[in-house]
1. For Arg327, are the conditions met, namely being in contact with a Leu (Cβ under 8 Å, 6 or more places away or on another chain), at pLDDT 90 or above, under 17 Å from Asp122 (Cβ atoms) and open to solvent by 50 Å² or more (accessible area, probe 1.4 Å)?
2. Name the residue that is surrounded by the most Cβ atoms within 10 Å (Cβ to Cβ), counting only residues in the range 42-80 that are more than 27 Å from the chain's Cα centre (by Cα), in contact (Cβ under 8 Å) with a residue 12 or more places away in the chain and in a loop (DSSP other than H, G, I, E, B).
3. Determine, yes or no, whether Glu13 is open to solvent by 60 Å² or more (accessible area, probe 1.4 Å) and either modelled with pLDDT of 90 or more or in a loop (DSSP other than H, G, I, E, B) (or both).
4. For the range 118-130, which positions are of a type in the set (A, V, I, L, M, F, W, C), in contact with a Gly (Cβ under 8 Å, 6 or more places away or on another chain) and at pLDDT below 90?
5. What residue, among those in the range 243-269 that are of a type in the set (Val, Ile, Thr) and open to solvent by 50 Å² or more (accessible area, probe 1.4 Å), is farthest from the chain's Cα centre (by Cα)?
6. If the Cβ limit is 9 Å and pairs must be 6+ apart or interchain, which residue in the range 248-261 that is free of Cβ contacts under 8 Å to residues at least 40 places away in the same chain and within 20 Å of Met183 (Cα to Cα) pairs with which residue that is open to solvent by 30 Å² or more (accessible area, probe 1.4 Å) and of a type in the set (A, V, I, L, M)?
7. Report, by residue number, each residue of the range 85-134 that is touching a residue at least 40 places away in the same chain (Cβ under 8 Å), open to solvent by 70 Å² or more (accessible area, probe 1.4 Å), under 20 Å from Arg63 (Cα atoms) and part of a loop (DSSP other than H, G, I, E, B).
8. Restricting the search to the range 270-294, which residues are open to solvent by 30 Å² or more (accessible area, probe 1.4 Å), more than 28 Å from Arg319 (Cα to Cα), of a type outside the set (Phe, Trp, Tyr) and in a helix (DSSP H, G or I)?
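The values are calculated or read from the model by the stated rules, or taken from the named source; none is laboratory data. It should be emphasised that the depicted structure is a prediction, and the values quoted were computed from it without experimental measurement. Every residue, glycine as well, gets a Cβ built from its backbone with ideal geometry; the counts of neighbours run over all protein chains shown. These area figures cover heavy atoms from the full protein model, side chains too; ligands, DNA and RNA do not enter into them. Shrake-Rupley method; radii C 1.70, N 1.55, O 1.52, S 1.80 Å.
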Amino acid sequence: MNLRRLWAIVLKEVRQLRRDRITLAMIVMIPVGQLVLFGYAINLNPRGLTAAVADQSGTAGSRAVVMDMVATGVIRPVATAGTPEQLMAMLRRGEISVGVSVPADFERRRIDGREAVQVLVDGSDTVVQSAAVQLAQLPIDGVAAPRKAAPIGVVSFYNPERRSPVNIVPGLIGVILTMTMVMFTSVAIVRERERGNMELLITTPVSRTELMVGKVLPYALIGLIQTTVVILLGLWLFQVPIRGSVLDVYLAAILLILANLTLGLMISTKAASQFQAMQMTVFILLPSILLSGFMFPYAGMPRVAQWLAEVLPMTHFLRLIRGVMLRGASLWELWQDVLYLVGFIATMMSLAVARFRKRLD
């Protein structure tokens, strides 16, 4: 062991890291990002669940009950409805997580000690379901609920058994597609340069657009195969239902696949090496898992974290896949998330094509 030679290698590595700006940024940003996400954005006790109210009674007592529910901070009214059927339609479309239904005979039910208010919950997310159950403990007129007759009842839809796989398996489709699709294409252009294939591509009449699209299509097929494997295993091992159209499930998967592939191409045009491409992939994967609503409820995040989550394709995919598989919604009802993913694909592909140059430097 020669200390002089050893010191020379150490200096060489330090200087190489100093010139690698992306690696230097990752050294700082990964721990900072993890700390901020877990310490600030992640909240297992969500508040401000989006809700709608259908008050068919319209009395002072019914309005007081709704105001008491809002005062707890568990729900945040964003819409009103005329009937419980309208609340169910909003739940199916994912517009709300909780619906509060007050029947026309509220006062009679309250006097008789019967169930006077129903809280309809999207139970596909077990954390949201647990948070909404707290509303059942709310007393009416200052009187706590008796043991045999609760004045506020909670009805959970789409996952009444509170089985975690029902919520996790559809989300796993998004996690797997995000991890593999971004990783595959993020090294696509860099690999061509490192293997010396870029010289051959330069001499061919292949255009930039043809090269970008050609890089995407084979991996799109792989993504569909992965989607099929997860769906079949979910049905076989965990009995995860598909209440909506199977075609809508695959259309939603194709949108996420293309979004991740074009994002990976964009990374590939920026990265100088496969190592850098992998670093940037990890930097995107972590927020996608933590902020999209896969592991932690979206409603429990601060406003800033929700704004960041709206940029991620996986956030919109989870709304689509859970809406179709668990709530039986159609893509037409979830058109806003579909439109965002289409726009994201077009933007990322355009930027990747614009940044790519058929040259070695």
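1. So Arg327 does not fit the description; no.
2. In this case the residue turns out to be Ser57.
3. no
4. Correct list: Val127 only.
5. The selected residue is Val246.
6. Once the first residue is free of Cβ contacts under 8 Å to residues at least 40 places away in the same chain and within 20 Å of Met183 (Cα to Cα) and sits in the range 248-261, its partners that are open to solvent by 30 Å² or more (accessible area, probe 1.4 Å) and of a type in the set (A, V, I, L, M) give Ile254/Leu224.
7. The one that is touching a residue at least 40 places away in the same chain (Cβ under 8 Å), open to solvent by 70 Å² or more (accessible area, probe 1.4 Å), under 20 Å from Arg63 (Cα atoms) and part of a loop (DSSP other than H, G, I, E, B): Ala104.
8. Within the range 270-294, Lys270, Gln274 qualify.
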